[in-house]
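Novice: Got a structure for you, written out below as structure tokens; questions coming shortly.
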Amino acid sequence: MSPNPVDGTAETSSVDCSCSPKREMLHLLLYCKDGCVPYLNPTQLEQYFPPSSGLWLCLSVQDACVFPMFDKPVKKKAKDDVINKKTKEVPAEPKKVRGYAFASAPPDPWLLPYTRVTVPYFSNKNKEQLADNKSICVWTPHGRQRLASETYAKVAMEGLQSNYTVSLFDDAGVSSVKQPDSVRWQKAHGRNNLWLEQLVQVAKQQDALDRIWRPVFLPPSNHDDEVNNDAMTNESQTGSLGAAGVAFVGKWRHGLLTGNNGMAQIPDDVKWKCLLSTTSLLEFVEIAAQGYFNIVGTDLPALWAKEKVALIVQPQRGPSTNEPTAKRPKLDADEKGGETDHANEPTLDFNGCIDMSDKVHARDPRPLVEGCTCMTCQHGGRFSRGYIHHLVCAKELLAEILLFAHNLHHMLELIRLFNEGGSDPADIVNTIKSRLPNAK
Amino acid sequence: MRITRKSSIMTWWLCGMACDRLTATRKWSMPRQCLAFSRYSITSRRSCYRNHRMTAQIQSSSFTSDATEEEDDTIRDADDSSKSQSTNKARPPQKAHRLPPLQTPLDFPDWAYEPRDFFRFEILHQSAKSQARVGRIHTPHGTIDTPGYVAVATNAALKGVDFRHADQANQQLIFANTYHLLLHPGADLIAEAGGIHKFTNRLDRPFITDSGGFQVFSLAYGSVHEELSSKGELKRAGGKSRHYRNDLGKDAVKVSEEGAYFRSYRDGSKFLLTPESTVQAQKKIGADIIIPLDELPPYHIDRQVLVESVDRSHRWEARSLQEHLKNITQQAMYCVVHGGIDRELRTKSVEYLTSLPFDGYAIGGSLGNGKQELKELLDWMMPLFDEDSSTNRRGKPRHLLGIADEESIRNAVVRGIDTMDSCYPTRVARHGTILTMEGSIKIKSGKFARSFGAKLDERCNCTTCTHYDRAYLWHLFKANEPIAVSLAAQHNIQYMSDLMSDIRQEIMDDKI
């Protein structure tokens, strides 16, 4: 991979954009915890987030494919036939649930026309959960269940009919151990490879090998660098086993792509390189700017909506339209507290979001972001910050819906900026970083 | 007090305990009506005690009516006679306070009786089979087809549903609670934003706000269901004490002639809601239809207390109307007819309120214990609105407050109700109850887990039914996904709109 020239700027960028000479289209992989996009109904999705917007959906078998099992019909003695001692079959009451199991969900109407990726789970609560070569324990909405590899293969390939499927993996066994060369790590690693092979076999039978993604584990920060390199080399040398894509599991860190790191040795025929999880806005934009990954997974829009915060930091300076900024009403002296207007401006958090429960928004007639074309700010008229603040304080569900739509729109706008190629990715990252408080 | 031989041992023991307590506390004497003790069940005896205790509290805190002087004498006589039978000390005589006189139609200007140019109700069709009628209410922000269902947006927002989607479901009039909006964000802030229409970004559809009278009731008794099931037992005050206290420091509400003292559930602060202040607040909120302050007495109540409550409501409503007429601001005001299930009081309320220049009539107060009583109440009350009078009762819209289950809707519509509001469809949607043509279904039930491809309602074309099936809704509710509430609420609102549309068509076809 030949390095890209980096424009000299006053601020030194820590983003390494030397990984890929040719940037591929970037996509946002949104966690859909129950098989649906959170908060938004199909009408809103079709209108505001069409499939062409770069949105991919990530579904997990953990919560989308668990169904109750009911009692089988039992034979009971009919009251009238006690003398004759005849029995008849009485159907069991459908209300009595005997347990839960993973099963295939029939295709549509659940499934929307987005590109979908299936994973076994987003995160397992208990890192000490049990796993063996045949199955793994996962936490579902109905308690802890055992997910067998054959069941996962069948459910993921046949049931959800996603475009791509990540093979079953045991990330706890890989990431929780202190040394990657421990017995537990070795077993977990072997288990993951075994499950990948099983899934590949199933995919070959269905002629769907190009739908399989292989999980690759990012070493945690508490591992030695030397050991990490060895681990990553092992991962890459195992190869993709014919899988069409690679899904990186774990937390991203700087330096994982530099030097002779094994990650850089992923075969070039692997078309899709996906980072399953990002946990902050800065991490998201830095990874998007690198150009190594073409799919970046995140749950940040829904997370921010639950926390009642709205993403407002933009890479462009000033509003993108000529719409005049609405004047903020002058606050009373009591509310000002004798301070200047600057004290009444909302505070950005480290993700570039503002807390909508802050009283400073109570009388603010402005939209969340001036010139934003999202469902909340612009389309069909806009909701003011004051109204959203009221909804947040009144604990209305509508607040989360509006905030999620806005946050998702903003993240997709960032993706679009990177894909357009009009601006240097490093500039975009630096601009955002300059607006974030306490950004390094 | 007499206890017959037929009374149970428990009754004997409880009566003994009660006597000891009354003697010890000496707080009040038992009225004569309660002397025939043995005929009462334990539960009704308790409610009797509490009602009389409430009577004592109200009498101590409010003015007594001129018209009830004779009744006061009767009560005093009863007290005296009971005193002779009990060992309680004589209570000091209370000061007699004079209530303000009830305003008459002559107290309102002539121009107030003229039709408004910004608010108009037209009757498109009167059913030949019943009192049902199809009409249209014209407001400054749009029209309302009647009979129509009014969704309740308590905090100026429907639960999980954007107003734009509710409007797409043909939801026209939306109900907002003044009490909750006063607490947050405040009427002044909504006025600053340009009114509730601009605040909620719903510029082309009408709003209706209430006065907060229902909250007076709900804060004291809980929900209507709680009051009926508890047979009038006052809501227990919070904290360690279990007794209802007549101290505003501990209570949530205190009613007087001036108004109602509320304690905010948000921060505990006290404020006073008067007939004038509620109208001023509703002016600031800017809804198209507003409602005057009224008091909602419980179902289980002594008739004397009910009479006083109805009279107080009449005085309040007249005051609210006077305040409203000072500056109409293109808003219409509905009166609220009270009287519980007492025919005389209801008739008196209808006669009085329809003589005043209100723009419409709302049926409020206690509407009976169950659907059958509501039906009977409407049976004899609604014809009063069809009587020929100089005030054009028939040509004004009628709204039923707080009732919108399907059976009651059908009973109300055939008796001439034009609009009705209830939070029932959106409230039950939060808990997984889906309204369908086949009846309501509890989507959380396991039997829907595998109802693949089965729409929530075969006839419905809402976004939920178009894209999802019952199995998926089951799954979303089980997973506690917020979108489940949103999808269910959207469907229920669409269902109610479709139901009312069908009813209107049936009226047009003279089928009902």
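The values are calculated or read from the model by the stated rules, or taken from the named source; none is laboratory data. The structure presented is a predicted model; accordingly, all values stated were derived computationally and were not measured. Virtual Cβ from ideal backbone geometry, glycine too; neighbours counted across all protein chains shown. Side chains included, ligands, DNA and RNA excluded: accessible areas come from the protein's heavy atoms. Shrake-Rupley method; radii C 1.70, N 1.55, O 1.52, S 1.80 Å.
Novice: Can you tell me which residue within the range A:373-385, out of those that are open to solvent by less than 10 Å² (accessible area, probe 1.4 Å) and out of contact with any Pro (no Cβ under 6 Å at 6 or more places or on another chain), is farthest from the other protein chains (Cβ to nearest Cβ)? If you could, list the steps in order and put the result at the bottom.
Specialist: To start, the set of residues in the range A:373-385 that are open to solvent by less than 10 Å² (accessible area, probe 1.4 Å) comprises A:374-377, A:383.
Still in the list and also out of contact with any Pro (no Cβ under 6 Å at 6 or more places or on another chain): A:374-376, A:383.
Working: A:CYS374: 13, A:MET375: 8, A:THR376: 10, A:PHE383: 6 Å.
Looking at residues that are open to solvent by less than 10 Å² (accessible area, probe 1.4 Å) and out of contact with any Pro (no Cβ under 6 Å at 6 or more places or on another chain), I get A:CYS374.
Novice: Another one. In this structure, does B:HIS138 turn out to be out of contact with any Leu (no Cβ under 7 Å at 6 or more places or on another chain), closer than 25 Å to B:PRO115 by Cα and not hydrophobic (A, V, I, L, M, F, W, C)? If you could, list the steps in order and put the result at the bottom.
Specialist: On the way: out of contact with any Leu (no Cβ under 7 Å at 6 or more places or on another chain): yes; closer than 25 Å to B:PRO115 by Cα: yes; not hydrophobic (A, V, I, L, M, F, W, C): yes.
So B:HIS138 fits the description; yes.
Novice: Please tell me if A:ILE428 is away from every other protein chain (no Cβ under 13 Å), out of contact with any strand residue (DSSP E or B) (no Cβ under 9 Å at 6 or more places or on another chain) and either over 24 Å from A:LEU29 (Cα atoms) or part of a helix (DSSP H, G or I) (or both). First the steps, then the outcome.
Specialist: On the way: away from every other protein chain (no Cβ under 13 Å): yes; out of contact with any strand residue (DSSP E or B) (no Cβ under 9 Å at 6 or more places or on another chain): yes; either over 24 Å from A:LEU29 (Cα atoms) or part of a helix (DSSP H, G or I) (or both): yes.
Judged against the criteria, A:ILE428 is a match.
Novice: Still on this structure, I have one more. Could you grab me the full set of residues in the range B:406-419 that are touching a helix residue (DSSP H, G or I) at 6+ places or on another chain (Cβ under 6 Å) and not in a helix (DSSP H, G or I)?
Specialist: Within the range B:406-419, B:ARG415, B:GLY416 qualify.
Novice: Working only within the range A:389-400, note down all residues that are farther than 12 Å from A:VAL360 by Cα and more than 7 Å from chain B (Cβ to nearest Cβ). Give the steps one after another, and end with the answer.
Specialist: Pass one, the range A:389-400, residues farther than 12 Å from A:VAL360 by Cα: A:391-400.
Of everything in the range A:389-400, those that are farther than 12 Å from A:VAL360 by Cα and more than 7 Å from chain B (Cβ to nearest Cβ) turn out to be A:VAL392, A:LYS395, A:ALA399.
Novice: Turning to a different aspect of this structure: Suppose we filter A:LEU111, A:LEU147 for residues that are open to solvent by 10 Å² or more (accessible area, probe 1.4 Å), outside any helix (DSSP H, G or I), at pLDDT 55 or above and among the aliphatic types (A, V, I, L, M); which single one remains?
Specialist: Of the residues listed, the single one that is open to solvent by 10 Å² or more (accessible area, probe 1.4 Å), outside any helix (DSSP H, G or I), at pLDDT 55 or above and among the aliphatic types (A, V, I, L, M) is A:LEU111.
Novice: Counting only residues that are within 9 Å of another protein chain (Cβ to nearest Cβ) and over 18 Å from the mean Cα position of the chain (by Cα), which one in the range B:164-182 is farthest from A:LYS359 (Cα to Cα)?
Specialist: If we take residues in the range B:164-182 being within 9 Å of another protein chain (Cβ to nearest Cβ) and over 18 Å from the mean Cα position of the chain (by Cα), then B:GLN168 is farthest from A:LYS359 (Cα to Cα).
Novice: When you look at B:GLU438, is it under 30 Å from B:ILE291 (Cβ atoms) and modelled with pLDDT under 90, yes or no? Explain how you work it out, then say what you get.
Specialist: Details: under 30 Å from B:ILE291 (Cβ atoms): no; modelled with pLDDT under 90: yes.
Judged against the criteria, B:GLU438 is not a match.
Novice: Then there is this: Report, by residue number, each residue of the range B:334-345 that is more than 18 Å from B:ALA318 (Cβ to Cβ) and assigned to a helix (DSSP H, G or I). Walk me through how you get there before you give the answer.
Specialist: The initial filter retains those residues of the range B:334-345 that are more than 18 Å from B:ALA318 (Cβ to Cβ), namely B:340-344.
Listed by number, the residues that qualify are B:ARG343, B:GLU344.
Novice: Scan the range B:143-163 for residues that are more than 14 Å from chain A (Cβ to nearest Cβ) and open to solvent by 20 Å² or more (accessible area, probe 1.4 Å) and jot them down. I'd like the intermediate steps shown before the answer.
Specialist: Step one: of the range B:143-163, the residues more than 14 Å from chain A (Cβ to nearest Cβ) are B:143-150.
B:THR143, B:ASP145, listed by residue number.
Novice: Now a separate question. So which residues in the range A:382-440 are under 17 Å from A:LEU303 (Cβ atoms) and not hydrophobic (A, V, I, L, M, F, W, C), if there are any at all?
Specialist: Once the filter is applied, which keeps residues that are under 17 Å from A:LEU303 (Cβ atoms) and not hydrophobic (A, V, I, L, M, F, W, C), the range A:382-440 yields A:GLU400, A:HIS406, A:ASN407, A:HIS409, A:HIS410.
Novice: Determine which member of the set B:ASP418, B:ASP405, B:ASP457, B:ASP502 is in contact (Cβ under 8 Å) with a residue 40 or more places away in the chain, more than 9 Å from every other protein chain (Cβ to nearest Cβ) and of a type outside the set (Val, Ile, Thr). Walk me through it before giving the result.
Specialist: Working: B:ASP405 fails: in contact (Cβ under 8 Å) with a residue 40 or more places away in the chain; B:ASP457 fails: in contact (Cβ under 8 Å) with a residue 40 or more places away in the chain; B:ASP502 fails: in contact (Cβ under 8 Å) with a residue 40 or more places away in the chain.
On inspection, the qualifying residue turns out to be B:ASP418.
Novice: For the structure I just gave you, tell me whether B:THR433 is at pLDDT 90 or above, within 14 Å of chain A (Cβ to nearest Cβ) and over 24 Å from B:GLY340 (Cβ atoms).
Specialist: no
Novice: A further question on this structure: For the range A:201-220, which residues satisfy the criterion of being assigned to a helix (DSSP H, G or I), touching a residue at least 40 places away in the same chain (Cβ under 8 Å) and open to solvent by 10 Å² or more (accessible area, probe 1.4 Å)? Spell out the reasoning first.
Specialist: Let us first name the residues in the range A:201-220 that are assigned to a helix (DSSP H, G or I), namely A:201-205, A:209-211.
Next, from what is left, pick out any that are touching a residue at least 40 places away in the same chain (Cβ under 8 Å): A:202-203, A:211.
Across the range A:201-220, the qualifying residues are A:VAL202, A:ARG211.
Novice: Sticking with this one: Just to be sure before I move on: is B:THR463 within 14 Å of chain A (Cβ to nearest Cβ), open to solvent by less than 40 Å² (accessible area, probe 1.4 Å) and out of contact with any Lys or Arg (no Cβ under 8 Å at 6 or more places or on another chain) in the structure I sent?
Specialist: Numbers: within 14 Å of chain A (Cβ to nearest Cβ): yes; open to solvent by less than 40 Å² (accessible area, probe 1.4 Å): yes; out of contact with any Lys or Arg (no Cβ under 8 Å at 6 or more places or on another chain): yes.
Criteria met by B:THR463.
Novice: Mind checking which residues of the range B:441-454 are more than 9 Å from chain A (Cβ to nearest Cβ), assigned to a loop (DSSP other than H, G, I, E, B) and open to solvent by 20 Å² or more (accessible area, probe 1.4 Å)?
Specialist: B:LYS444, B:SER451, B:ALA454
Novice: Same structure, new question: Hey, could you check the range B:195-214 for residues that are open to solvent by 10 Å² or more (accessible area, probe 1.4 Å), in a loop (DSSP other than H, G, I, E, B) and on the phi < 0 side of the Ramachandran plot and say which is nearest to the other protein chains (Cβ to nearest Cβ)?
Specialist: For the range B:195-214, the residue satisfying everything is B:LEU203.
Novice: Given the residues B:GLU308, B:GLU323, B:GLU317, B:GLU295, which is the only one that is open to solvent by 10 Å² or more (accessible area, probe 1.4 Å) and either more than 21 Å from the chain's Cα centre (by Cα) or within 18 Å of B:LYS396 (Cβ to Cβ) (or both)?
Specialist: Working: B:GLU308 fails: either more than 21 Å from the chain's Cα centre (by Cα) or within 18 Å of B:LYS396 (Cβ to Cβ) (or both); B:GLU317 fails: open to solvent by 10 Å² or more (accessible area, probe 1.4 Å); B:GLU295 fails: either more than 21 Å from the chain's Cα centre (by Cα) or within 18 Å of B:LYS396 (Cβ to Cβ) (or both).
Checking each option against the conditions leaves just B:GLU323.
Novice: Something else about it: Can you give me the number of residues within the range B:476-486 that are within 7 Å of another protein chain (Cβ to nearest Cβ), open to solvent by 10 Å² or more (accessible area, probe 1.4 Å) and either part of a helix (DSSP H, G or I) or closer than 11 Å to B:ALA449 by Cα (or both)? Walk me through how you get there before you give the answer.
Specialist: Residues of the range B:476-486 that are within 7 Å of another protein chain (Cβ to nearest Cβ), as a first pass: B:476, B:478-479, B:481-483, B:485-486.
Pick out the ones that are also open to solvent by 10 Å² or more (accessible area, probe 1.4 Å) and you get B:478-479, B:481-482, B:485.
With the extra rule that they be either part of a helix (DSSP H, G or I) or closer than 11 Å to B:ALA449 by Cα (or both), the set shrinks to B:478, B:482, B:485.
Looking only at that region, the number is 3.
Novice: Further, regarding this structure: Looking for whichever is assigned by TED's automatic domain parsing to the domain that holds B:PRO297, open to solvent by less than 40 Å² (accessible area, probe 1.4 Å) and at positive phi here; the options are B:GLY365, B:GLY395. Which one fits?
Specialist: Working: B:GLY395 fails: at positive phi.
Just one listed residue meets the conditions, B:GLY365.
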